[in-house]
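First comes the structure, then the notes that go with it.
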Amino acid sequence: MFSLDSVITAVGMADEVAVMIAAVVIAVGVMLVAAAPLAIFVSRHPTVKMLALSFLLLIGMSLVADGLDLHVPKGYVYFAMGFSVFVEMLNLRLRRRQTPVHLRPTLLKEVVVDDPGVAQPVVSSND
């Protein structure tokens, strides 16, 4: 549910065990509350999913470069990510009134609910 790095960060930043536990519990709570709205937003805007995947690729390549002793200044990475988010925000604002993009169905069976831009996976008992 939550990543080990949040636990390590809580342990590294706090001296009190109660503060560490509270930080992890709050982080898990925020993730549980934010998961559904974020999933709906991403399913309505597939370009955001591609942007997030490109961020993972960018960070991964930066880590590989660091592992090979090739230093990539973090400012370049953060600027690239910030500029990409800015351009995506402009695109989302520009396309607000247009019909949303629909992707091909995934391996899961999908059914369209009340909102035509949101598809939810359905678990079938026949499979």
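Filtered by the rule that a residue be modelled with pLDDT of 80 or more and not in a loop (DSSP other than H, G, I, E, B), region 1-18 gives Val17, Ala18.
Of all residues in region 36-58, which are in contact (Cβ under 8 Å) with a residue 24 or more places away in the chain and either assigned to a helix (DSSP H, G or I) or aromatic (Phe, Trp, Tyr) (or both)? Step through it out loud before you land on a result.
Restricting attention to region 36-58, the residues satisfying the condition of being in contact (Cβ under 8 Å) with a residue 24 or more places away in the chain are 40, 43-48, 51, 54-55.
Correct list: Ile40, Ser43, Arg44, Pro46, Thr47, Val48, Leu51, Ser54, Phe55.
Only one entry of Val33, Val24 meets the criterion of being assigned to a helix (DSSP H, G or I), more than 30 Å from Arg97 (Cα to Cα) and not assigned by TED's automatic domain parsing to the domain that holds Thr99, and that entry is Val24. Selection of region 65-101 for residues being in a loop (DSSP other than H, G, I, E, B) and either among the acidic types (Asp, Glu) or at positive phi (or both) yields only Asp69. Which of the residues that make up region 36-61 are hydroxyl-bearing (Ser, Thr, Tyr) and out of contact with any Gly (no Cβ under 9 Å at 6 or more places or on another chain)? Selection gives Thr47, Ser54.
The values are calculated or read from the model by the stated rules, or taken from the named source; none is laboratory data. These figures come from a predicted structure and were not determined experimentally. So basically every Cβ, Gly included, is an ideal-geometry build from the backbone, and we count neighbours across all protein chains shown.
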